[in-house]
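Here is the structure we will look at, set down as structure tokens.
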Amino acid sequence: MNLQSIIYPIISLGGLGLVFGAGLAYASQKFAVEIDPRALAIRDALPGANCGGCGLPGCDSFAKAVAEGKSPVDGCPVGGPDCAKALAEIMGVEVDERARKVAKVICNGDKEKCRDKFDYHGINDCVAASMVGGGGDKACNYSCLGFGTCVKACQFDAIEIIEGRIARIIPEKCTACGKCIEVCPKDVIDMVPYDQTVVITCNNKETGKVVRKKCEVACIACQICVKACPFDAIDFKNNLAFIDYDKCTQCFVCVEKCPTGAIEGDLEKRKKAVIDENTCVGCTICKKHCPVEAIEGELKGKHKILADKCIGCGACEAKCPKKSITMN
């Protein structure tokens, strides 16, 4: 083997390497795909759950869409307000601070309260069960079947099946990704504000006479709550009452008045207004705005809350010009 037989291959391969290298370098410049640096920054600010709650395949797609102005900066339900603020800062825009929302099962008709049509012995899955007997084994066709299809769909362990075979969502764990809503065959899961404790937990749109025979805790279309609400926060449609959460003050009046317990709310959490006599100037503004006449006092005199009448709506606190009222 002579020296030439060694050198020539080396030179040939080296030359080819240089040519191909130069070609690849040119191609990388010529056909380079520009990446918006904001998309990279947005991707780093996202939680990385890749849950699809934003309506896109994953966090990378969402970051790109936000950078291009095709998706809102507050479109990530998992990241919540803090994430929205971070993305808004990257994009140089402002974001409206919205109340955090979580999923809620709009049904309290467990096995004890909702009558059965038959004994189901099929697959442990809500979709499968809903195909049997015209909507499942429960007499109410709008009720939670409780076989855990939503539990399987939740990536955050935020849903459990409790005693009585009904699904319950753990608000602290819920990211509002919407997967449970997508898979529920009965459409009994909805989004509610995280701090909303007063919720109508019935989805049945049948008449009161019909639904009363099926479930003990159903809305019977009596409209007592609609008439009782001091803030017109409850409306009525298709034999079912529903709450306007933007108007609701969580005064619990509807909870007290509902004859079937279809409106959920912990009365022990009801707050009472307290007036600081040291700063109260007796302007009577709070007295004028109290919907239940729970405040007494004359003009320029010290005012007093009548605890037995106060419903904890907070109307007086919101209107007091001296910030002399707190809710405790």
Comparing Asp308, Asp60, Asp266, which has the greatest mean-square fluctuation in the GNM of the chain with Cα pairs linked when under 10 Å apart? Asp308
Which shape class, rounded, prolate or oblate, goes with the chain when its Cα gyration tensor gives a ≥ b ≥ c as root eigenvalues, a/c under 1.5 marks rounded, and past that a/b bigger than b/c marks prolate? oblate
Largest-first ordering by accessible area, 1.4 Å probe, given options Ser324, Ser130: Ser130, Ser324
How much length, in nm to one decimal, is gained on full extension between Glu34 and Asp125, taken as 0.36 nm per residue of separation minus their Cα-Cα distance? 28.1 nm
Max mean-square fluctuation residue, GNM over the chain, Cα-Cα springs under 10 Å, options Gly23, Gly314, Gly301: Gly23
Estimated distance in nm for a label pair at Thr284 and Arg212, the labels positioned 7 Å out from Cα along Cα-to-Cβ: 4.6
What ranking, highest mean first, results for peptides 194-203, 64-73 when packing means the other Cβ atoms within 10 Å averaged over each residue? 194-203, 64-73
Nearest-0.05 FRET efficiency for Lys302 and Tyr26 at R0 = 56 Å, using Cβ-Cβ distance, is 0.10
Rounded if a/c is under 1.5, else prolate if a/b is larger than b/c, else oblate: which is the range 37-91, with a ≥ b ≥ c the root eigenvalues of its Cα gyration tensor? rounded
By a straight-distance test (C-alpha under 15 Å), which aspartates and glutamates pair with Lys214 as possible cross-link partners, with residues fewer than eight away in the same chain excluded? Asp110, Glu112, Asp116, Asp137, Glu206
Hey, can you list the DSSP H helices of the chain whose Cα span along the axis is 30 Å or longer and whose average Kyte-Doolittle score is at least -0.5? 4-30
Percent of accessible area on the chain owned by carbon and sulfur, 1.4 Å probe? 54
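Can you give the convex hull volume of the alpha carbon atoms of the range 273-327 per residue, in Å³? The partial results should precede the final answer.
Details: hull volume 3.4 nm³, N = 55.
Expressed per residue, the convex hull around the Cα atoms of the range 273-327 is 61 Å³.
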With charges set only on the Cβ (+1 for Lys and Arg, -1 for Asp and Glu), what does the dipole of the range 37-91 come to about its Cα centre, in debye to the nearest 20? 120
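At a 1.4 Å probe radius, which order do Ile234, Ile224 fall into by accessible area, largest first?
Ile224, Ile234
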Quick one: what Rg and Dmax do you get for the range 75-174 from the alpha carbons, in Å? 18.3, 59
Using only the Cα atoms of the range 101-269, build the gyration tensor, take square roots of its eigenvalues as a ≥ b ≥ c, and label the shape rounded, prolate or oblate: rounded if a/c is under 1.5, else prolate if a/b is larger than b/c, else oblate. oblate
Go through Ala63, Ala103, Gly133 and say which Cα lies farthest out towards the positive end of the charge dipole of the chain; charges sit on Cβ, +1 for Lys and Arg, -1 for Asp and Glu. Gly133
Leaving out ligands and nucleic acids, and using a 1.4 Å probe, what accessible area per residue does the chain come to in Å²? 58
Obtain the nm distance between the two label points defined at Lys227 and Thr197 by a simple spin-label model: each point lies 7 Å from its Cα along the Cα-to-C-beta direction. 2.8
Subtract the Cα-Cα distance of Leu18 and Glu68 from 0.36 nm times their separation in residues, and report this length gain in nm to one decimal. 14.2 nm
When the chain is fully extended, how far beyond the present Cα-Cα distance does Ser5 get from Asn328, taking 0.36 nm per residue of separation? 106.9 nm
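The values are calculated or read from the model by the stated rules, or taken from the named source; none is laboratory data. A quick note: this is a predicted structure, and the numbers were derived from the prediction, not measured. Here Cβ is always computed from backbone atoms with ideal geometry, including for glycine, and neighbour counts include all displayed protein chains. Heads up: the accessible areas ignore ligands, DNA and RNA and are worked out on the full protein's heavy atoms, side chains in. Shrake-Rupley method; radii C 1.70, N 1.55, O 1.52, S 1.80 Å.
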